[in-house]
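These notes are about the structure you will find just below.
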Amino acid sequence: MRSTGRARAAGDAADGPRPSRAAELFVLLCSVGAALAAVAQPLALGATLDLLLAGGAPARWLLLSAALLLGELLLDSLTALSTGRCTAGWTAAVRLRALAGLLGCVPDRARDLTPGDVGTRLTLNAADAGAGPAARAALAASLVTPVGALVALALVDVWVALCVLAGLPALGLVLRAFARDTGASVAAYQRVQSEVATRLLETMDGAATIAAAGTAARERARVLAPLPELAALGRRMWALHGRALGRSGVLVPLLVLAATGVGGLRLASGALSVGGLLAAARYTQLAAGVGGAASLLGALVRGRQARARTLALERLPALVHGTRELPPDGPGALELRGVRVVRDGREVLRADALRIPGGATVAVVGRGGAGKSVLVAVAGRLTDPDEGEVLLDGVPLGALSREALRAEVAFAFERPVLGEGTVAEAVAAGPRSLSPGQVRAALTAAGADGFVRRLPHGDGTPLAAAPLSGGEHQRLGLARAFAHAGRLLIMDDATSSLDTATEHEVDRALRGSPRPGTRLVVAHRPSVAGRADLVVWLEDGRVRAVGTHRELWRVPGYRAVFGGDGTPGTRGGAGADGHGSGGTPAFGAGNTGAPTLGSENTRAPVLDAENTGTPVLDAGNTGAPTLGSENTRAPVLDAENTGTPVLDAGNTGTPVHDTENTRTPVHDTENTGTPVSRSAAEGARP
C-alpha cells in the first residue's frame, strides 16, 4: 500500500536544519530597545527644557537625554547587523529544507514542478522568505514605538493623547488595505517570475535545436512573452506601496498639526508646560509613525507568500522507511502482489501475482505509455503502489530501512545525474565504499574504460573538463549502477544511447559479473529482449504475458511492439535477435555475435545493417540469402523473391547490376533480357 501519506503530515516539513529563533529574538530585542529609547527621549528633553527655562540644574536630564540618544544609535546599529545575520541564516535554512523536501520526495510527485519553478522557489522565493522573520521583528518593534508614545503622551497631557488616538484608526485602515492588495499582487508576481525562468531553462536546454532550426527570434519572443504581465504586476505593487505611503504622508502631518493645536491651547491655558508641549509634539510624531510601517509590512507580505512557495517543496510526500533488513545471501526474488498504481484518477499499472525469479535477467517491454517505467519504479521503490505490495526475497519493500533498500536495489537511468567531482568520484558515489580497482572494474563492465583512459587525467579528470557524448555520459551512469548493484539492478532505458556493439558488451559483462543478482531491464530493442531470461509484456498498464522472447515472438501483437505490424515478413520485427519458427541463425538489429532466427526464416541467414559480412534474409525471404545495406558479397532478394536473384520492376528474367552492388546481376526497369552494369544512368553494357 502507498505509505507516502504517512511520510509528512500537512504541517510537517522536510528534514533539515531548523531556522534558529535566537537570531530573530535578538533582532526583536534590539529593535524594541531602540524603540523604548526613542520613546523615553522626548520626556527627558522636555524635562531638560523646563529646567533650563526655570533656571534649574538640568545636567542630570541632559545626560540622560544624551545617553538615550547614544543608546538608540547603538541599538539601531545592532539591529541592522543582526537583521543581516538573521536573514542569511533563515534564507539558508529555508533553502536547505526545501531542497531536502524535493530530494526526499516520491519522484513522480515532483514531476509537475518545472525546473524554472523549482529554481525560482529555491533562490528568489527563499531569499524573500528568509527576510520575513527580521521584517516581522522590525514590524513588532515599530508597533512598540507608537503604543509607547501614546502611553507617554497620555502621561504628558491626556487631551493631546485623545486627539492622536482619534486619528490612528484612519492610518490602520490604510495599512490594512495595503496588506490585502499587496498579497495578491506579490503571489501573481512570483508565479510569473517562475514562468519566465521555466521558459528560459527550456530554451537553454534546446539551444542546439533552436540554432539548427533558425527559430531564435521566435524563441526569444516566447521566453519574453510573460514580461508585460510581470511589468504590470510590478507597477501595481509599486503603486500600492506609493498609495499607502502617500495616504499616510497626508494623514500624519494632519494628525501632528491637530495634536500641536490642542497642545498649544493647553499651553495657553497653563495646563501644559513648554517642555511638555515639546514632548507632546514629538510623541505625536512617534505615535503617527505607524503609517511608516508600510515598507516593513510589504516585506512581511512578500516573505509570507514566498514562504508558502518554499513550504510546498518541503511538504512534498516522501516515502516512509521501516527497520527490517533483507535475509543474507538472498537471490533477489521479486514479487508484485495485487499492485495498483493510479495517476490522475486513471489506473496506469495493474500487476497481480507477478513473480520474477532471483538471479534472472528480465526485460520489460511494451509500447509507449504501457507502464514500463511505472513498473520498475514500483519494483525498486521509487514510489509506492496505491494498492498491493512489492516483496524482495520475501520482505515487503516498505518494511526495509532506507540503508538496506538502497544498498540492495540499484538503478541506472537514461539520463543519469553524475554531479560534480572527478569521473572516479562520480562512479564511486553511492551506498558502498569502493576501491580504485572496483571503480575501474565498473568502468570496464560499462564499456567506459576506453574513452576514460583517453581523458587528460583518466578517471581523475574532473567531469567539468571531460566533454562527454550522450552515450559516454550514459556509460558512466551504468558504471555507477554496476559498482553499487546489490541483489536487484533496475535499468530504465539505460542503454538507449549506446551503439549495439557496446550494448552487447555491457550485457556480456553483466552476465559474467561476480556479483549475481536479478536484473530488470526496460527494453525497446528486440535484441535486448532476446538476451533476457524472461520478458514481461505490458499493454495499457497491465501485464499481458510473461514468457521467453522466443515464445512471445509467435504473437503478432508482441512483434508489433518492436516496430513491425505483427505479420510475417515485416522488416521491423523479423529476425531482430528474436526466435522464429525455424532453426537457422540470423543476425538481429544491432546484434554482433549471438545468432537468432528471423520470424519467417526457415533456411537462410539474414544480415542486419550493422553486419558487413554475414548474409541476412530480407523481410519475406523464404529460401535465399539477401544482402544488408553494407554487404557487398551476397545476392539480394526483393521482398517477393523466393529464390532468384533480385529483378527490378520490369525484369523478365535476365539479371542486371543494382546501383549499390558491383558483383551481383539485377535488371533495369526496361531490360527484357540483357544484363547492364550499375544504373541505367551510367549506360555501360558489358
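General observations
- Burial order of peptide ranges 89-99, 548-558, 479-489 (average beta-carbon count within 10 Å, highest first): 479-489, 89-99, 548-558
- Net +/- balance of residues flanking ARG266 in space, Cβ distance below 15 Å, scoring K and R +1, D and E -1: -2
- Taken about its Cα centre, region 15-314 carries a charge dipole of roughly 400 debye when the Cβ of each Lys and Arg holds +1 and the Cβ of each Asp and Glu holds -1.
- Environment charge of ALA170, counting only residues whose C-beta is closer than 12 Å and scoring Lys/Arg +1, Asp/Glu -1: +2
- With R₀ fixed at 35 Å, the C-beta to C-beta distance from ARG176 to LEU63 puts the FRET efficiency at about 0.25.
- Report note on the peptides 187-198, 236-247: ranked by the mean count of other C-beta atoms within 10 Å, highest first, their order is 187-198, 236-247.
- FRET efficiency for the pair LEU124 and THR548, taken as 1/(1 + (r/R0)^6) with r the Cβ-Cβ distance and R0 = 41 Å, rounds to 0.15.
- In this structure, the amide hydrogen of THR422, modeled 1.01 Å from its nitrogen in the peptide plane, lies closer than 5 angstrom to those of LEU463, counting only residues at least 5 positions away or on a different chain.
- Since only VAL147, LEU257, SER185 are under comparison, the one whose Cα sits farthest along the positive direction of the charge dipole of region 15-314, derived from C-beta charges on Lys, Arg, Asp and Glu, is SER185.
- Near ALA333, once Lys and Arg are set to +1 and Asp and Glu to -1 for all other residues with Cβ below 15 Å from its Cβ, the sum equals -2.
- Between ALA231 and VAL151, the C-beta separation translates, for a Förster distance of 51 Å, into a calculated FRET efficiency of about 0.65.
- Along region 312-319 the Karplus relation, 6.51 cos²θ - 1.76 cosθ + 1.60 evaluated at θ = phi - 60°, assigns HN-Hα couplings of 4, 6, 4, 9, 4, x, 10, 7 Hz to successive residues, with x for each Gly and Pro.
- Amide H contacts of VAL342 (H built 1.01 Å from N, under 5 Å, at least 5 apart or other chain): VAL348, ASP386
- Spacing of the modelled spin labels on ALA258 and GLU202, each 7 Å from Cα toward Cβ, amounts to 5.5 nm.
- Amide H to amide H, with H built 1.01 Å from N, THR361 comes under 5 Å of ARG519, ASP533, LEU534, counting only residues 5 or more places away or on other chains.
- Shown in residue order for region 401-409 are the 3J(HN,Hα) couplings computed by the Karplus curve 6.51 cos²θ - 1.76 cosθ + 1.60 at θ = phi - 60°: 5, 4, 5, 5, 5, 6, 6, 9, 10 Hz (x for Gly and Pro).
Each reported figure results from applying straightforward, stated rules to the coordinates on display, with no laboratory input. Since the structure is predicted, the reported quantities are computational estimates derived from the model, not experimental observations. Quick reminder, even Gly has a Cβ in these numbers, built from the backbone with ideal geometry, and neighbours come from all protein chains shown.
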